[in-house]
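Engineer: This is the structure I want to talk about, given as structure tokens.
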Amino acid sequence: MSKELSKAEELKEKLFYTQKHAALLTGEDELKLCDAFCEDYKNFLNNAKTEREAVKFVKAKAEALGFKKFDRDAKYSAGDKVYYDNRGKSIILAVIGKRPLKDGVRLAAAHIDSPRVDLKQNPLYEESDMAYFKTHYYGGIKKYQWTAMPLSLHGVIVKRDGSVAEVNIGEAENDPRFVITDLLPHLAAEQMKRTLADGVRGEELNILIGSRPFNDDETSEKVKLNILNLLFEKYGITESDFLSAELELVPAFKATDIGFDRSMIGSYGHDDRVCAYPAAEAIFNIESPDYTAVTVLTDKEEIGSEGNTGLKSSYFKYFIADLAWTEGINYHTVLTNSQCLSADVNAAYDPTFPDVSEKKNASYINKGVVVTKYTGARGKSGTSDASAEYMSKVLRVFDENKVVWQTGELGKVDAGGGGTVAMYLANLDIDVIDVGVPVLSMHAPFEVVAKLDVYHAFKAFKAFFEDK
Ligand code: MN
Ligand code: MN
């Protein structure tokens, strides 16, 4: 029974911009698809906690789906699927379109690194009969959040002979885990007077890794010796092999449903797996697009996109150049005509901390993907600021494909700010706008997203790739 609308209500419906809850705009059948999609997403979260693991996971799936290693000297035709693995830390997936490359590509760019705690190069020490690792945190973290909870150790140790020992300890059921200890409140009177930023300091993020001595004659540092002996037996490494290792500590817990209604997912690393996974799945689920579709899952976003696996480097440009080479054209023609969704998260409005947001322009969980025209800070510094023309085009594609979307700014003016990879792609003369999932507790060890937003991110990237 639908009640009749008054004239004012009718006019409001027509003229006002309002954002409805995504559940009201998503059909029953689609809700089932959404929940199933999120089960697979949780599996990805649990098996791809670092950029290396994410590349491995995505590459294995791509190969199973018929993606072949990209070869610049090959000839490709519509529907061909290729990938490019950049040093095991970033990956590009492409499905060749029906149109020539001079018309540009449709690109989704997400990152697969997340804030965490890295080991220092010479990390191992013993103190008071306990063994520890020294660390240097990676990305923007609130350090106090990383103490007193189980951590797992991931990464690689490359020995002098070039052989690689892959490390993953703390994820399997019966694995041991690691922890950063914190002071008991009884003795924390002085610590509690510190500011929150200073509550736990960088050099206090020490990882407890053992406490039993090597059972032998009198010698010093017997606990450290025992740890090194265990590592030698397991990996064949000595202490100096840590110098050529990349070892990272991440939360050991698994992704889990949140809420009585199971409407949300709590996990480590949503930023930016919650966009990377849908962007990869979108390209896995298109057959023969008009425009060549490209998904790039990149590294190092959390520390400024530096390094040869981050998007400030030329690796993406070189891939496009090699792609252009297969059709004998200039790469800049491809770039100039390309369009990109920079797939990264935005800060969801948190009613417990309303002061940092401006409600009319904040993003909310369950209102769909956030389209962010500009990021940046202090008067839009450090953003590429998408054009009105391009924003309009993207919104049209979303509307035509029933993608639930909202707009959002990262916090109120001068409250802080942040950036994404959008500007580095804009610097290549590509049209680009940020589109991603709103996140609660962003950069915390346990972040929260809404399942409906994850699903609509997948729909958004797929619609963008399939647009004619
Ligand atoms: Mn991000
Ligand atoms: Mn981030």
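Engineer: Please specify each residue of the range 292-334 satisfying the condition of being within 16 Å of ligand 2 (Cβ to nearest atom), open to solvent by 10 Å² or more (accessible area, probe 1.4 Å) and of a type in the set (Asp, Glu).
Structural biologist: If the condition is that a residue be within 16 Å of ligand 2 (Cβ to nearest atom), open to solvent by 10 Å² or more (accessible area, probe 1.4 Å) and of a type in the set (Asp, Glu), then Glu301, Glu302, Glu306 are the ones that fit.
Engineer: Moving on. Pick out the one residue from Thr333, Thr309, Thr295, Thr352 that is part of a strand (DSSP E or B), among the β-branched types (Val, Ile, Thr) and at pLDDT 95 or above.
Structural biologist: Thr295
Engineer: Do the conditions hold for Leu231, that is, is it part of a helix (DSSP H, G or I), open to solvent by 70 Å² or more (accessible area, probe 1.4 Å), more than 30 Å from Cys38 (Cβ to Cβ) and out of contact with any Cys (no Cβ under 8 Å at 6 or more places or on another chain)?
Structural biologist: no
Engineer: Being open to solvent by 10 Å² or more (accessible area, probe 1.4 Å), within 16 Å of ligand 1 (Cβ to nearest atom) and either within 19 Å of the chain's Cα centre (by Cα) or over 19 Å from Glu327 (Cα atoms) (or both): is that true of Gly66 here?
Structural biologist: When the stated conditions are applied, Gly66 does not pass them.
Engineer: Ala94: within 16 Å of ligand 2 (Cβ to nearest atom), within 18 Å of Lys317 (Cβ to Cβ), open to solvent by less than 30 Å² (accessible area, probe 1.4 Å) and not in a loop (DSSP other than H, G, I, E, B), yes or no?
Structural biologist: The answer is no for Ala94.
Engineer: Report yes if Lys373 is open to solvent by less than 50 Å² (accessible area, probe 1.4 Å) and either in contact with a Cys (Cβ under 7 Å, 6 or more places away or on another chain) or assigned by TED's automatic domain parsing to the domain that holds Asp434 (or both), otherwise no.
Structural biologist: When the stated conditions are applied, Lys373 does not pass them.
Engineer: Kindly list the number of the only condition in (1) acidic (Asp, Glu); (2) assigned by TED's automatic domain parsing to the domain that holds Val448; (3) away from ligand 1 (no atom under 16 Å from the Cβ) that fails for Asp272.
Structural biologist: Condition (3) is where Asp272 drops out.
Engineer: Filtering the range 109-136 down to residues that are within 13 Å of ligand 2 (Cβ to nearest atom) and in contact with a helix residue (DSSP H, G or I) (Cβ under 8 Å, 6 or more places away or on another chain), which residue is nearest to Leu341 (Cα to Cα)?
Structural biologist: Result: Ala110.
Engineer: Within the range 3-22, does at least one residue satisfy the condition of being under 23 Å from Lys451 (Cα atoms), in contact with a helix residue (DSSP H, G or I) (Cβ under 6 Å, 6 or more places away or on another chain) and not aromatic (Phe, Trp, Tyr)?
Structural biologist: Scanning the range 3-22 turns up at least one residue that is under 23 Å from Lys451 (Cα atoms), in contact with a helix residue (DSSP H, G or I) (Cβ under 6 Å, 6 or more places away or on another chain) and not aromatic (Phe, Trp, Tyr).
Engineer: Can you confirm whether Glu218 is assigned to a loop (DSSP other than H, G, I, E, B) and either within 16 Å of ligand 1 (Cβ to nearest atom) or within 31 Å of the chain's Cα centre (by Cα) (or both)?
Structural biologist: When the stated conditions are applied, Glu218 does not pass them.
Engineer: Sticking with this one: Return the residue satisfying two criteria in turn: it lies in the range 274-291 and is crowded, with 24+ Cβ neighbours inside 10 Å and hydroxyl-bearing (Ser, Thr, Tyr), and of such residues it is farthest from ligand 2 (Cβ to nearest atom).
Structural biologist: Tyr291
Engineer: Is it the case that the range 406-421 has a residue that's in the same structural domain as Val334 (by TED's automatic domain parsing), more than 16 Å from ligand 2 (Cβ to nearest atom), touching a Leu at 6+ places or on another chain (Cβ under 8 Å) and not acidic (Asp, Glu)?
Structural biologist: No, the range 406-421 has no match at all.
The values are calculated or read from the model by the stated rules, or taken from the named source; none is laboratory data. What you see is a predicted model; the values in this text were computed from it and never measured. Reconstructed Cβ throughout: ideal geometry from the backbone, glycine too, with neighbour counts over all protein chains shown. In case anyone asks, the SASA skips ligands and DNA or RNA and just uses the protein heavy atoms, side chains included. Shrake-Rupley method; radii C 1.70, N 1.55, O 1.52, S 1.80 Å.
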